[in-house]
Amino acid sequence: MNIYVAGVATTKFGELWDVSPRMLAREAVTGALSDAGLSVGDVDALFVGNMLSGLLGRQEHLGAFFAEELGMKTPAFKVEGACASGGLALHNAINSILAGQYATVLVLGVEKMTDHKPEDVATALMGAGSDEERAAGATFPGLYALLARVHMEEYGTTEEEMASVAVKNHEHAHLNPNAQFQNLLTVEHVMRSSKITDPLKLLDCSPISDGASAIIVTGDKRPFGQTQGRQETGKNAIRIVASAVATDTLGLAQRKSLTELRATREAADRAYAQAGLGPDDIDVSEVHDCFTIAEIFALEDLGFFRKGSAAAQITRGSVSLGQSKRLVVNPSGGLKGCGHPVGATGVKQVVELTEQLRGTAGKRQVPRARVALAHNVGGSGATAVVHILKR
Amino acid sequence: MVGIVSYGTYIPNYRIRVADIARAWKKDPTEVTRSLGVEEKAAPAVDEDAVTIALEAALRCLQVSKGKPSDIDALFVGSESHPYAVNPTSTIVGELLGVGNDYLAVDLEFACKAATAGMQAIAGLLESRAISYGLTIGADTAQSKPHDVLEYTSAAAGAAYLMGRDALVARLVAYTSFSSDTPDFWRRDGIRYPSHAGRFTGEPAYFAHTAGAARRLFEKAGCQPDDIDYCVFHMPNGKFPREIARRLGFSGEKLAPSLTVTSLGNPYSASMLVGLAAVLDIAKPNARIFAVSYGSGAGSDAFLFETTAALPKVQNAQRKTKNSVQQQMEKKTYIDYVQYLKQTHKI
Amino acid sequence: MSSPVKIWRNQKEVARLVGATGVIVSWTIVRVPPADYGDQAPYPVVLLSLGNGKRLTAQLVDWEPRHLKHGQRVVTVIRRVTQPNTDDVIPYGLKVKPLS
């Protein structure tokens, strides 16, 4: 496929009390347009990725909402797939370009979560699970805790190994001015944090966050961004070479396997096939670490490590900035370190990877990054979206 | 001839010791336990109520008989703690049991004798051949005001009796009922906890009605304590049933197997019925059982049963499923007073 | 789930699965509950296998720590799902309890 990333931008992620969803969107979109050297009139359609606007903010119809806010009179869509909303919005945007419907499309991932009580946010997030799981009183971390227990019993993964995912991602976030957290953690910090849902503790869990990210994708090879001088056609354009989605059962009880997220594996297989690449070709990856265990599942299901071996590898530093010889995972800090405004995450991941491939990631730059993979998951693995980007 | 085809009981998992409640209120634990004649009582889990307890008892009742839910023509549930003031417990239980739609569903209220009143009504429906099988359930998660004397004994349990005309484990030989307007214990609509008239709940209430019904049944059935093998009475505490048994001329041995109150407390509509089940669990065929309930407000329902040769098979089934009264009494987890307050929704 | 109609439809489904036995395949203890479950927390949520290839996610009741293990036998029971608000229809649903 010939899809180019024309412009990217992200807001800071965090508890942004005085920032509204409109302000978040304006900041991200203004940034992306500026990065692309484009104006709003150059955009043919808007895809918005968001999960909770209705449940928490009582506002649906986000396509129209943000189109108006941004001064756009184009077709506009809200795309929802729980925490994969952002990735799905991008996938749909790409499809619309491939279908020849639109040439240049704006993808906005945005989420405002901190206006509401944590219990209400927890309840709303369980909209990502099944009715049976909600009735059981399961929380979103609870579902991943159930997966963690199986992984621990099957492969001997330990709580300390899970903790090292959080430690690594905070190390990376420490270098990311947009990340929600800049503090460094130790395994002991994580182990001593309060239990949320055994075996997951507070510091095993990504936070409740606000934030927005925006990408402009285009099928158009014409040069743009002359003012920035950064976006050119030819060998320095960042291309999206794969965009794949897979689904699995909504609830954990109905899955075929509890030791892998099959949707991740299927989306990855399809993406690798689309790109004509394999896991070994990936230099840098942003994966969906909504909980520390989720990164472990991800690195195995994406084919980076053998099933059951990712935990030890992460602990060893195999995917850490500055230590890895081969692949760096979650240089932005991931969901744990950078924050997880649900609908924004899938878009932010591609923003980060674009910066990495351009060589503009500053202190978190992965040296010689040429091929990148973004992995975005909805619910406990019911939806998975994989994008592959190349310089 | 009508009678009991099958029976089942449900006692929740949790117990609190009377001594621990007494200590919470800085009372002498030994004195309180001794004066009430109750050691501990069953407490419901935080998510149990009269519906869930009634259902468990009914499932167990059907499990030990060859009865199918669809055989049930009438389903009566008696309780003081129906979850709704308006909306029948009996249809929720009937639906979850899988009874179908062709049945009479009735909710009853009459303090602790709501379910036994149901048994008499079902006996009438059976005798008139209006129905073939009727299920009566007594189930309660009895409430009491913290620090009130009732707090030591108000308990939770359920008992279900399937009645019919054949394959009986116990024939209903005779029955009668004794009623009057006696305000010894009451709960106004919309008010959370019951109130009572103290010592007035004794002689003019419990004793007058229990004895009244018992004596009328002796006459009606032409029987007396020497002809009877077991007696069961409503058990608001450990003292009252012993006293009424003595007054009516029953020996302690005839009463003893039914005295579940010592370790169960008073589960209101299920009290006499669980005691009756405890007797049925151990009685031999052709044993005569004299059972009298009491409900405040007030009234007593009296029954004379005679067990049959079909009883041992059901007794074995109870034991195999570990659901005999004794087995359930022994399977328990103790909670402290704070946990008790949480589980009964007071905090 | 406070729509009486949803509760009604759901209870018809639930009736079929009462008294089913299974074994625990995974477990967790929810210590930070969602809204409406505060009075029950902390409570275990378990994934159980019903044997016919079917699995179920449910809250474990009447439990002790020793029951939280792979292979623990359990049976389905009906309990109140949550304590409803004073005006709402009461939701009854499936939970599981350990078989010793």
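If the limit is 24 Å between Cα atoms, which of A:Lys195/B:Lys346; A:Lys168/A:Lys348; A:Lys256/A:Lys348 go over it?
Check vs 24 Å cut-off fails for A:Lys195/B:Lys346; A:Lys256/A:Lys348.
Under the rule a/c < 1.5 gives rounded, and otherwise a/b versus b/c splits prolate from oblate, where does region B:171-307 land using the Cα gyration tensor?
prolate
Quote the FRET efficiency, to the nearest 0.05, computed for B:Asp166 versus B:Ile347 with a Förster distance R0 of 56 Å and r equal to the Cβ-Cβ distance.
0.65
How big is the antiparallel share of DSSP beta bridges in chain B, given as a percent to the nearest 5?
The answer is about 70 percent antiparallel.
Compute the FRET efficiency between A:Thr259 and A:Leu202 as 1/(1 + (r/R0)^6), taking r as their Cβ-Cβ distance and R0 = 25 Å, and round to the nearest 0.05.
The pair A:Thr259/A:Leu202 has a calculated efficiency of 0.50.
Only counting other Cβ atoms within 10 Å, I'd like A:His116, A:His375 sorted with the fewest neighbours first.
Exposure proxy ranking, most exposed first: A:His116, A:His375.
Divide by every residue of chain A the summed helix terms, -39500 (n - 2.57) for each DSSP H run of at least 4, and state the resulting mean residue ellipticity at 222 nm, rounded to the nearest 500 deg cm²/dmol.
My calculation for chain A gives -11000 deg cm²/dmol from helical runs alone.
Let me make sure I get this right: for region C:4-98, a, b and c are the square roots of the gyration tensor eigenvalues over alpha carbons, sorted descending. Under 1.5 in a/c it's rounded, otherwise prolate if a/b > b/c, else oblate. Which is it?
Since a/c reaches 1.5 but b/c is at least a/b, the shape of region C:4-98 is classed as oblate.
What does the helix-only formula give at 222 nm for chain C: each DSSP H stretch with n ≥ 4 adding -39500 (n - 2.57), the total divided by the residues, and the result rounded to the nearest 500 deg cm²/dmol?
Computed mean residue ellipticity for chain C: -3500 deg cm²/dmol.
Roughly speaking, what is the centre-to-centre gap between region A:298-372 and region B:180-205 when only Cα atoms are used, to the nearest Å?
If we compute the Cα centre of each part, the gap is 71 Å.
With 10 angstrom as the radius, rank A:His172, B:His234 by how many other C-beta atoms surround their C-beta, starting from the fewest.
A:His172, B:His234
Once both labels are modelled 7 Å past Cα along the beta-carbon direction, what's the C:Arg9-A:Lys363 spacing in nm?
5.3 nm
Among A:15-24, B:163-172, what's the highest-first ranking by average C-beta atoms within 10 angstrom per residue?
The densest-packed peptide leads the list: B:163-172, A:15-24.
How many partner chain Cβ atoms sit within 10 Å of a residue's Cβ in peptide C:19-32, on average, as a whole number?
6
Along the positive direction of the dipole of chain A (beta-carbon charges: Lys, Arg +1; Asp, Glu -1; about the Cα centre), which of A:Ile216, A:Leu125, A:Gly251 reaches farthest?
The residue sitting farthest along the positive end of the dipole is A:Ile216.
What percent antiparallel are the DSSP beta bridges of region B:26-174, to the nearest 5?
Counting only bridges with both partners in region B:26-174, antiparallel ones make up about 45 percent.
Using +1 on the beta carbon of Lys and Arg, -1 on that of Asp and Glu, and nothing else charged, what's the dipole of chain A about the Cα centre, debye to 20?
Value, rounded to 20: 1100 debye.
How do A:His288, A:His189, A:His151 rank when sorted from fewest to most other Cβ atoms within 10 Å of their own Cβ?
Ordered by Cβ neighbours within 10 Å, fewest first: A:His189, A:His151, A:His288.
To the nearest 0.05, how large is the calculated FRET efficiency for C:Arg16 and A:His61 if R₀ is 51 Å and r is the Cβ-Cβ distance?
About 0.85, to the nearest 0.05.
Rounded, prolate or oblate: pick one for region C:1-42, where a ≥ b ≥ c are the square roots of the eigenvalues of its C-alpha gyration tensor, a/c under 1.5 means rounded, and failing that, prolate if a/b is larger than b/c, else oblate.
Judged from the Cα gyration tensor, region C:1-42 comes out oblate (a/c at least 1.5, b/c at or above a/b).
Which entries of B:Lys145/B:Lys239; B:Lys66/B:Lys220; B:Lys68/C:Lys97 show an alpha-carbon separation above 27 angstrom in the structure shown?
B:Lys66/B:Lys220
Setting aside same-chain residues fewer than 8 positions from A:Lys73, which aspartates and glutamates have a Cα under 12 Å from its Cα?
Within the straight-line limit of under 12 Å, A:Lys73 reaches these aspartates and glutamates: A:Asp42, A:Asp44.
Ignoring everything except DSSP H segments at least 4 long, calculate the 222 nm mean residue ellipticity for chain B; use -39,500 (n - 2.57) per segment, divide by total residues, nearest 500.
It comes out at -9500 deg cm²/dmol, rounded to the nearest 500.
How large, in Å, is the protein assembly as shown by the Kirkwood hydrodynamic radius built from its alpha-carbon pairs?
By the Kirkwood definition, the hydrodynamic radius is 29.8 Å.
Going 7 Å from the Cα of A:Lys325 along its beta-carbon direction, which residues of region A:339-380 have the amide nitrogen within less than 19 Å of the resulting point?
Within reach of a label on A:Lys325: A:366-370.
Could you work out the relative contact order of region C:4-98? I mean the mean sequence separation of Cα pairs under 8 Å and 6+ apart, divided by the number of residues, in percent.
Computed value for region C:4-98: 32 percent relative contact order.
Expressed as a whole number of Å, what is the distance separating the alpha-carbon centroids of region B:240-313 and region A:83-112?
If you average the Cα positions of each part, the centres end up 73 Å apart.
Between B:Ser128 and B:Thr321, with labels modelled 7 Å along Cα→Cβ, what's the label distance in nm to one decimal, could you check?
3.1 nm
Every number here is computed from the coordinates shown, using simple stated rules; none is lab data. Note that the structure is a prediction, hence the values are computed from the model and not measured. A quick note on method: Cβ atoms are made from the backbone with ideal geometry, for glycine too, and the neighbour counts reach across all protein chains shown.
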